[in-house]
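I have placed the structure first, in the form of C-alpha cells, so that the comments after it can refer back to it.
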Amino acid sequence: QELQLERAEDSHSNSSDTRPPFVLPSWIKPLLSKYQIILPSQPQLDKIAERNRRVLLADVAVTNGIFYNLNKWVPDSSNKQSNGDDEHTNTCITQAFRSVDSDDASIVISSIHLDASREEKRCAQIQRCLGQTASFSSHLPYALPLIIAGDYNCELSIGSCVSAFIKNAPDDSTSSQPKEGEEDSKSGMEEHKLRECASALRIPLTSVTPDNVKQWDSLYDDVETYVYDNCWVLKRANTGPTRMALVHDESNDNTTESNEPCLKPWKLDHFVYTSNTLDAIKYWSTLEDDAESFKTGLPNERVPTDHLPLAAMFKIHSHPQLDQGPRKQLLASLEELELKQDADTRDTLVAIDKEKIDLEEKLQSQELVKVEEKPKRKKKPHPEMIQHIRQSRALKKQLKQTQSKEREQFVSGRCVLERMELQHALEMTCNEWKRKEELNKHEDITDMLLTVDASLYEKSRSGKRLGAIKVQRYSNNAIHCDTINIHIDTSPASGLEMSPLLSIEPQPVSVIAYQQHTRAITAFNFHELLNDLGEVVSDDSLVSFASAFSFITTPPTGLPSSASSTDASGAAVVDPPSRLSLV
C-alpha cells in the first residue's frame, strides 16, 4: 500500500529537533486491529519528507507499507546478510516473512513505487529489490519465494528494459510477454524496443536518435545479464489495466473529433513473482469490469483515486532442487576442474621461475668473465632476459585464456538449478567465475619494474584498465605523490596492502603539504644510502631488501624549524633529520 504519512498532532513545535513522529492517516488505522505494518524508520521518513518540505512546501512523507496478518506471518530477518543497501526507501520496502504454522514456509514481499520518467531508474530500483531479496537467503542455494507488488509506472510491454526482468518466464499470454513467434524475428524485437524507447522518452517514434537506441539496447542487455547471472525466474500476474488517462503521444492532441478526451487504459500496477516457487491462482478484475471509469477516466465521482487497487492470491510450493546424485556429480566435476587449473597454473609458474633462475645464473657467469674499469650504473636488461620476460607474459596470457575457455565450456548449457548450485558453491556468479584470472594480474608488472634501469622510474601512460602495457620513462626523481600515482597506474586493483614492494604506509592528510617538500626515492630509483657508520650501502644490499626509500628533506617554506604537527592518532610529528632512510 502506498501511503502519505503526516505528523502526529500531539505537538505543534516547528523545531526540526522536536518534530513529532510520522503516523498513519486516520482512515487506515482501523486495519491495525488485525494487521501490523512494515514502514521505513522515523529517520528515513524524515529524510523522505525533507524533499517534500523543500519542493512541495508540505511536511509529509509519501512512502510504501506492507501490512501483514499477525495470525499468519511473522517478520523474519534471522538469516539476512547485510549488503550495504538495507534501508527502506520511498520506492522500495522489502521484508521476509515466516509462517506461524511452519518454519519452512517463508516468503519475501517487496512494495515498490518505481520512477515515473526514467527507465534506467526503474531498472535500478527493481534490481535493488532483488538484491535485498537475495540477502534474506544467502545461506541457501535457492532464493526464497518473492512477490514485487506496486506501481511500476510502466506497462512491462515487449521491448521495454523492465520487461527483460521477466523475459525468461513462461508465456502468460499478456501484453507484457512476447507472443509465439514474435521473438523469432530479430527485426521484430528491434521494432518493439524502438517503440518502447520512444514511449519511455515520451517522444514521437520518428524523433528517436541512434544514441537513444544504443543506450536502450545497452540497458536491456544489462538487465538480461543480471537476470541470468542471478538465476531469477520471474513472471507477471495477468491482471488488467488500473489507470485510465490521456495518451502520452505528443503527435496527438488528446481529443477526439467530438472534443472528448482521448483516453487510454494503462497497465501500470503489477504483481511480479518467482514463478518457480509461486502460482498466481486468483486476482481481482480491474478496468475491464468498470465501464464508467473506462469511459470517464480516473479519478472520477465514484472512484477517488487515479489507480484502481489490485489483489491476488498465490500458492506457495517448494523450490525445485537437483537430486542428490546429479548435485554431487556436478560439484565433483567443479572441484576436479578447479584442481586441474590450479595444478596447471602452479606448473607453469614453476617452469617460468626455473627458466628465469637458469638464465640469471648464465648471465651472471658471463658478467664475471667481463672486466671493466668502472661498472656502469645505468644499463638495460640483457636482451635474453627481455626475451624471457616477453615469452613468460605470452605463456601466462595463453594459460589464462585457455582456463577461461574451459570454465565457459563447463558452465555453458547448464540449467537454472545447476547454475544456482554452482554459484552457491563458488560464492560468485557463473559469469564472474568464467572471467576469473588464476594468475596474479600484477606479477607481470612487478617483473618488469624490477628489471628496469636502476636510476630511472617508470610511469604508465597506456590508460589500460588492468595496468601498464607500454611504459614511458622519465629521468626526474619520484616525489611522494608521484609514488602513489605510479602504483595506481601500474597496479590499479591491488590496493597498497597488496604490493608491499611498491607501496608506502598511508599518511595523514594534515601532513601532505609538509611531505610534498620531501624528495622520495622508491623501488623505481635506487640511490646510494648511508648506514649509521657513514658507509655506502651496496646495490646488492638494496636489492636484497627488495625496496628502499631514501628521504632527502628540506624545511618547507614558512614552517619554522621547531614546528611540529600531529598524525591521525594525535601523536606529535617532529621535523625529520636532514637525511632519513627507511626499509
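As an exercise, use a Förster radius of 41 Å and the Cβ-Cβ distance of Met313 and Arg435 to find the FRET efficiency, rounded to the nearest 0.05.
Values: r = 43 Å, r/R0 = 1.04.
Using R0 = 41 Å, I get an efficiency of 0.45.
Please grab the % of Cα pairs in the stretch 94-141 that end up more than 16 Å from each other. Intermediate values should be presented prior to the final figure.
Values: 551 of 1128 pairs.
Of all Cα-Cα pairs in the stretch 94-141, 49 percent lie more than 16 Å apart.
Can you work out the PRE-style zone for Glu9? Point 7 Å along Cα to Cβ, and I want the residues of the stretch 17-52 with backbone N under 14 Å.
23-29
For the stretch 256-368, what is the Kirkwood hydrodynamic radius in Å, using each pair of distinct C-alpha atoms? Mind showing how you got there, number by number?
Values: mean 1/r = 0.0450 Å⁻¹.
22.2 Å is the Kirkwood radius here.
Could you sort the peptides 329-335, 119-125, 26-32 by per-residue average Cβ neighbour count (10 Å cutoff), highest mean leading?
Details: 329-335: 13.9, 119-125: 19.6, 26-32: 10.6.
Descending packing order for the listed peptides: 119-125, 329-335, 26-32.
Would you mind computing, in nm to one decimal, how far apart the modelled labels at Glu427 and Val213 are, each placed 7 Å from Cα along Cα→Cβ?
Here the modelled spin labels are 4.5 nm apart.
7 Å from Cα along Cα→Cβ at both Asn52 and Lys80: what's the point-to-point distance in nm?
Going from the Asn52 label point to the Lys80 one covers 2.3 nm.
What FRET efficiency comes out for Ala291 versus Glu2 if R0 is 25 angstrom and r is the Cβ-Cβ distance? Round to the nearest 0.05. Please list the in-between numbers first.
Values: r = 26 Å, r/R0 = 1.04.
It comes out at approximately 0.45.
Listed here are the pairs Lys34/Lys80; Lys396/Lys434; Lys354/Lys396; Lys397/Lys436; which of them are more than 20 Å apart at the Cα?
On the way: Lys34/Lys80 27 Å; Lys396/Lys434 17 Å; Lys354/Lys396 15 Å; Lys397/Lys436 13 Å.
With Cα atoms farther than 20 Å apart: Lys34/Lys80.
Run the numbers for Lys380 and Cys262: contour at 0.36 nm per residue of separation, minus the present Cα-Cα distance, in nm.
Using 0.36 nm per residue and subtracting the Cα-Cα distance, I get 34.6 nm.
Can you compute the charge dipole magnitude of the stretch 268-369 about its Cα centre, using +1 on each Lys and Arg Cβ and -1 on each Asp and Glu Cβ, nothing else charged? Give it in debye, rounded to the nearest 20.
Values: 11 positive and 21 negative charges, 100 e Å.
The calculation lands at about 480 debye.
For Arg327, project a label point 7 Å along Cα to C-beta. Then give me every residue of the stretch 407-422 with its amide nitrogen under 13 Å of that point.
417-422
Enumerate the calculated ³J(HN,Hα) couplings along the stretch 387-403 in order (Karplus 6.51 cos²θ - 1.76 cosθ + 1.60, θ = phi - 60°), each rounded to whole Hz, writing x wherever the residue is Gly or Pro.
Each residue's phi maps through the Karplus curve to give 5, 4, 4, 5, 5, 5, 4, 5, 5, 5, 4, 5, 5, 4, 5, 5, 5 Hz.
What distance in nm separates the two pseudo spin-label positions at Leu337 and Glu301, each 7 Å out from Cα along the beta-carbon direction?
Simple spin-label model gives 6.8 nm for this pair.
We did not get these values from a lab; they are worked out from the coordinates using the rules stated. These numbers were taken from a predicted model, which means no experiment stands behind them. Reconstructed Cβ throughout: ideal geometry from the backbone, glycine too, with neighbour counts over all protein chains shown.
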